[in-house]
Amino acid sequence: MDFKQIISHCKEYGFIFPSSEIYDGLSATYDYGPNGVELKNNIKSYWWKSMVQMHQNIVGLDAAIFMHPKTWKASGHVDAFNDPLVDNKDSKKRYRADVLVEDFMAKIEGKINKDVAKAKKKFGDAFNEEEFRSTNGRVIERQKKHDEIGSKLATRMSDGDMEGLKSLIEELEIACPISGSKNWTDVRQFNLMFSTQLGNVAGEEGKLYLRPETAQGIFVNFLNVQKSTRQKLPFGIAQIGKAFRNEIVARQFIFRMREFEQMEMQYFIKPGTEMKWFDYWKQTRLDWHKALGTPAEKLRFHDHENLAHYANAATDIQFEFPFGFKELEGIHSRTDFDLKSHQELSGKKLQFFDPEMNESYVPYVLETSVGCDRMFLTQISNALQEETVPDKDGKESTRTVLKLNPAIAPVKCAVLPLVKNKEEITKAATDVFDKIKGSVLCQYDEKDAIGRRYRRQDAIGTPYCVTVDFDSLEDNCVTIRDRDTLTQERVPIDKIQSIVADKVDMNKLL
Ligand code: GAP
């Protein structure tokens with residue numbers, strides 16, 4: 001399905017609505033509808049269980065969004081959490097300078113991929129892609145140009161060289177996609193934090209920020225958590241919560257929002273062991289995505305050349321969204337940067353006493369950080385399909401089906417009486433519904449023909465539909481239909497609750 005179809009499906013079936021839509025919406029802000037909130041909660045639960053339930057040495061936290069303003073000074077966000085901003089003087093449109101260059105690079109990559117696809121078609125089975133990429137003159141030339149631009153971008157970004165970024169845009173003759181002109185302003189730094197004001201303190205003193213990452217709530221609570229839970233290194237603190245960023249270019253639906261949710265885990269480790277844990281968490285997190293059914297070929301690592309101010313190693317897990325491979329999760333070796341900065345600015349020790357070494361030190365931190373909304377988009381875009389299925393009269397018809405992993409599907413089971421207004425059937429179906437509703441989210445639906453009811457459930461990803469018919473009154477059995485295989489099986493009513501609960505059990509993924 002293309003991206004537009006995904007967005008409209010999300011709206012039509014109550015997954016995602018534009019925020020305050022009756023006022024024409026607010027850009028890059030979205031509300032999760034009845035099915036959306038269930039799917040999102042299930043994603044969060046899968047993450048939380050895999051971190052907190054499955055690791056004795058990882059504990060949870062729910063810190064406040066507002067934090068003491070010094071937090072953001074210490075963390076470097078006041079001084080360094082900037083994006084390079086550039087305006088086109090003719091269209092008056094605002095862009096991120098680095099994204100303009102990245103888009104330019106993506107076009108070169110697109111041309112290379114076209115060359116590869118053409119050659120593949122020409123040579124068929126005999127085609128060796130690796131050899132083609134390393135020997136074809138045009139591809140080598142394009143790849144060289146691509147890599148040179150990438151390395152210039154990385155150095156200019158990490159040096160904070162705004163003039164260099166502007167000259168790169170000019171050198172590449174990048175034009176504004178709206179006006180087509182190359183009439184750019186200077187590139188300048190733009191801080192991404194939203195600020196607000198405490199009610200009882202005037203001026204700069206009372207300036208508060210909406211947190212741009214949840215991680216700092218974990219750092220400032222490091223000792224509280226360590227002492228109250230008596231954890232030893234290595235140990236982790238996990239948190240799910242809202243974060244806010246005044247993104248310059250917020251587009252691509254819920255991919256880049258100004259208010260979004262993060263699932264972050266900070267793993268406190270002994271200095272010197274960070275590369276071991278970096279590799280461990282890279283693999284562990286990739287496996288977590290795959291266990292949900294995300295295809296391996298849609299996931300890849302992308303190591304950072306341009307490191308954030310706090311990191312000594314970083315990689316992204318990228319997913320192939322409908323608009324290309326983009327960051328889904330970040331894995332960062334944050335050294336002791338944050339704890340040390342908080343220690344210095346607060347004057348409070350943030351150290352761990354290591355009984356084996358008989359000394360205290362500031363731990364290093366390995367972070368995993370995945371956006372909940374981006375996870376949502378990966379699951380929806382991967383699962384939404386249109387397929388041809390056999391009809392009851394032997395013909396074929398198309399259906400829209402959301403093949404979500406049953407463990408995260410919003411509704412796990414629908415109970416469908418075969419006919420309505422038949423008292424005995426309604427009663428039997430209501431009894432079945434009552435049996436199931438205590439263990440999983442279940443829907444009762446008696447409106448329209450059975451085929452249409454199946455389609456409604458397919459479209460929201462319900463993995464199992466249970467039909468209650470006249471035979472049920474005699475044999476105390478119901479028919480359970482599998483969303484993906486369309487197989488139908490007759491099962492006893494007194495086992496239906498445990499059958500459904502077992503089929504959708506999230507613990508099997510962990
Ligand atoms: N604490 C580290 C940190 O915040 P990040 O790479 O800036 O690192 C982590 O963000 C994750 O948060 C990203 O991989 C992405 O999934 C999500 N994220 C970041 N900005 C976002 C935005 N504007 N909208 C939606 N998700 C976002």
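Every number in this text was worked out from the coordinates using simple rules, so none of it is lab data. Being a predicted model, the structure only gives us computed values, none of them experimental. Because the Cβ atoms are built from the backbone with ideal geometry, glycine has one as well, and the counts that use them run over all protein chains shown.
Observations, loosely collected:
- Unique match (being assigned to a helix (DSSP H, G or I) and either crowded, with 20+ Cβ neighbours inside 10 Å or within 13 Å of the ligand (Cβ to nearest atom) (or both)) among GLN216, GLN262: GLN216
- Among the residues of the range 276-334, those identified as among the aliphatic types (A, V, I, L, M) and in a helix (DSSP H, G or I) are LEU286, ALA291, ALA296.
- Qualifying residue in the range 282-299 (condition: farther than 30 Å from ASN358 by Cα, in contact with a His (Cβ under 9 Å, 6 or more places away or on another chain) and within 14 Å of the ligand (Cβ to nearest atom)): yes
- Here THR426 fits the description: free of Cβ contacts under 8 Å to residues at least 40 places away in the same chain, β-branched (Val, Ile, Thr), assigned to a helix (DSSP H, G or I) and surrounded by 16 or more Cβ atoms within 10 Å (Cβ to Cβ).
- The sole residue among ALA243, ALA238, ALA250 that is within 20 Å of the chain's Cα centre (by Cα), assigned to a loop (DSSP other than H, G, I, E, B), surrounded by 14 or more Cβ atoms within 10 Å (Cβ to Cβ) and in contact (Cβ under 8 Å) with a residue 24 or more places away in the chain is ALA250.
- With respect to being more than 13 Å from the ligand (Cβ to nearest atom), farther than 30 Å from GLN252 by Cα and in contact (Cβ under 8 Å) with a residue 60 or more places away in the chain, LEU384 falls outside the description.
- Residues of the range 368-380 classified as surrounded by fewer than 23 Cβ atoms within 10 Å (Cβ to Cβ) and either over 18 Å from LEU404 (Cβ atoms) or more than 12 Å from the ligand (Cβ to nearest atom) (or both), total: 1
- Of all positions in the range 267-278, none carries a residue that is of a type outside the set (Phe, Trp, Tyr) and under 22 Å from the mean Cα position of the chain (by Cα).
- Residues in the range 200-212 that are touching a helix residue (DSSP H, G or I) at 6+ places or on another chain (Cβ under 8 Å) and either within 22 Å of GLU329 (Cβ to Cβ) or not in a strand (DSSP E or B) (or both): ASN200, ARG211, PRO212.
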